[in-house]
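Participant: Once you've had a glance at the structure underneath, I'll fire off some questions.
No value in this document is a laboratory result; all are computed from the given coordinates. All figures in this text were calculated on a predicted structure; none of them were measured in a lab. Please note: Cβ atoms are built from the backbone with ideal geometry, for glycine as well, and neighbour counts cover all protein chains shown.
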Amino acid sequence: MLKVYFGEGVDVIEALHIDGIFGVAPKYVGPPLPSTGEVVVDYWSIRYKRVNYGLGVYEEPIGSPLADVKTIEDLDKYRWPSVDWFDFTKMREAAEKLRSNRVVKAGYMAIFYQHCLLRGFKNALLDPLVRPEFTRYLLDRIFDFLYELHLRMFQACDGLIDVTEVTDDFGTQNGPMISLKVFREFYRPYMEKFIDLAHGFDIKVFHHDDGAIRMFIPDLVEMGIDVLNPVQWTCPGMDLEELKRSFGKRICFHGAIDNQRILSFAKPEQVRAEVRRCIDILASDGTGYIVAPCHNIQPITPIENIIAMYDEAYKYGKL
């Protein structure tokens, strides 16, 4: 819709003055993936179904390969992905091309998210509580692969990667999915190692975490994240002024423009007011904020609201 609005041959990213984060990744060259037109299978053997919601298509997970696994011995029988399934040789060239005028990202390390995808959401929530030894072994295996994969990526593009993601989703609209105790005991140690790996290559760490995650933020900052996204201020505990006051000297905020009510359903002048408010609060000291919607722009969003958001950020952000 944006391409239609701007016309043939116009670069939408440039027209909206978006700096943007552009990614590079290794090429998958491993065993064939048995995907069909409607069902997609990834290299973890997780199945996704393309679900059309009328205006957009999402790939929804429908099959967790480790959902019925009971023992550590069963985990060993699973076909774990290998870094040998990836070709890293073209990454450096791709990063060099982007680096001339873009922020370059590589990698996505999300230990809790991967646990949920492999075991199914219910199992993943129960595992640390009822199967702690099993859970630690499972997380060790996930971590080993992800760490080696990202080490190879960072080595291939040494000096060219600006940012990577050590990320997850610990929050819902109303509160956390897991306790701080479970987070600290089972997931934080792996996340810290991922963060240390990135910082060892002088790469900034971008952490995406939807919802009401206020209780995790002190740990995340202490662990060393550099950027916090999406700053969903409509959720309990996510007051922008308090977040800026408490953490603004140590991290950069990314997102915050509400897309559940304002961007999708408000008037353009209300969108502009939201942009100004977020800049005034999160960049109150002249730094520490990257304007963006608090999640993907949904296809129901009016074009004039999208234009208003980026235009106001471009103009007001210069003041």
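Participant: Would you calculate a helix-derived [θ] at 222 nm for the chain, using -39,500 (n - 2.57) for each DSSP H run of n ≥ 4 and dividing by the full residue count, to the nearest 500?
Facilitator: The helix-only estimate for the chain comes to -12000 deg cm²/dmol at 222 nm.
Participant: What percent do you get for the relative contact order of segment 136-295 when only Cα pairs under 8 Å and 6+ apart count?
Facilitator: Relative contact order here is 19 percent.
Participant: How many nm is it between the label spots at Asn296 and Asp19, if each spot is 7 Å from the Cα in line with the beta carbon?
Facilitator: Using points 7 Å along Cα→Cβ, the separation is 2.4 nm.
Participant: Mark the label point 7 Å from the Cα of Asn101 along Cα→Cβ and return the residues of segment 138-164 whose backbone N is within less than 17 Å of it.
Facilitator: Under cut-off, by backbone N: nothing.
Participant: Trypsin sites (Lys or Arg not before Pro) within segment 64-151: which are DSSP loop residues with at most 11 other Cβ atoms inside 10 Å? Could you put the intermediate results ahead of the total?
Facilitator: Values: sites: Lys70, Lys77, Arg79, Lys90, Arg92, Lys97, Arg99, Arg102, Lys105, Arg119, Lys122, Arg136, Arg141; in loops: Lys70, Arg79, Lys90, Arg102.
Here the trypsin sites (Lys or Arg not before Pro) that fit, given the DSSP loop and packing criteria, are Lys70, Arg79.
Participant: Sum up the charges of everything whose Cβ sits under 12 Å from the Cβ of Thr172, counting Lys and Arg as +1 and Asp and Glu as -1, but leave Thr172 out.
Facilitator: On the way: positive: none; negative: Asp169, Asp209, Asp210.
Charge balance near Thr172 sits at -3.
Participant: Grab the Cα-Cα distance for Tyr53 and Val29, subtract it from 0.36 nm times how many residues apart they are, and report the gain in nm with one decimal. Kindly include the intermediate steps, with their values, before the conclusion.
Facilitator: Values: separation 24, 0.36 × 24 = 8.64 nm, distance 3.17 nm.
Roughly 5.5 nm would be gained on extension.
Participant: Let me ask something additional. From the phi angles alone, apply the Karplus equation (6.51, -1.76, 1.60; θ = phi - 60°) to segment 125-130 and give each ³J(HN,Hα) in whole Hz, x where the residue is Gly or Pro.
Facilitator: 6, 7, 3, x, 8, 10
Participant: Quick one: length gained pulling Gln270 to Val39 fully straight, 0.36 nm per residue minus the C-alpha distance?
Facilitator: 79.2 nm
Participant: How many lysine pairs in segment 149-308, separated by 8 or more positions in sequence or lying on different chains, have Cα atoms less than 29 Å apart?
Facilitator: 10
Participant: Follow-up. Can you say what percent of the DSSP beta bridges in the chain, counting only those with both residues inside, are antiparallel? Round to 5.
Facilitator: So the antiparallel bridges amount to about 40 percent of the total.
Participant: Work out, step by step, the length gained on full extension between Glu304 and Arg152: first 0.36 nm times the residue separation, then minus their alpha carbon distance; give nm to one decimal.
Facilitator: 50.4 nm
Participant: Could you tell me whether segment 21-65 comes out rounded, prolate or oblate from its Cα gyration tensor? Rule is a ≥ b ≥ c as square roots of the eigenvalues, rounded for a/c under 1.5, then prolate if a/b exceeds b/c, otherwise oblate.
Facilitator: Judged from the Cα gyration tensor, segment 21-65 comes out oblate (a/c at least 1.5, b/c at or above a/b).
Participant: Distance in nm between label sites at Glu8 and Ser179, each 7 Å beyond Cα in the beta-carbon direction?
Facilitator: Modelled inter-label distance: 6.3 nm.
Participant: Follow-up question, since we're still on this one. Return the long-range amide H neighbours of Gly63 (sequence gap of 5 or more, or a different chain), with a cut-off of under 5 Å between placed amide H atoms.
Facilitator: Here Arg47 satisfy the definition.
Participant: For segment 220-267, what's the relative contact order in percent, using C-alpha pairs closer than 8 Å and at least 6 residues apart?
Facilitator: Across segment 220-267, relative contact order equals 46 percent.
Participant: I would also like to ask the following. Using the Kirkwood radius built from alpha carbon pairs, what does the Stokes-Einstein equation give as D for segment 66-196 at 4 °C and 1.567 mPa s, in µm² per second?
Facilitator: Translational diffusion coefficient: 80 µm²/s.
Participant: Which lysines, on any chain, are close to Lys49 with Cα under 24 Å apart, when same-chain ones fewer than 8 places away are left out?
Facilitator: Counting by Cα, and skipping residues close in sequence, Lys49 has these lysines nearby: Lys27, Lys122.
Participant: Shape call for segment 1-152 from the C-alpha gyration tensor, a ≥ b ≥ c root eigenvalues: rounded (a/c under 1.5), prolate (a/b greater than b/c) or oblate?
Facilitator: It is prolate, given that a/c is not under 1.5 and a/b is the larger ratio.
Participant: Tell me the Kirkwood hydrodynamic radius of the chain in angstroms, computed as one over the mean inverse distance between distinct C-alpha pairs.
Facilitator: This gives a value of 21.2 Å.
Participant: Once amide H atoms are placed 1.01 Å from N in the peptide plane, what residues at a sequence separation of 5 or more from Phe86, or on another chain, have their amide H within under 5 Å of its amide H?
Facilitator: Result for Phe86 returns Val29.
Participant: For the chain, calculate the relative contact order in percent as a whole number, restricting contacts to Cα pairs under 8 Å that are 6 or more residues apart.
Facilitator: It rounds to 14 percent for the chain.
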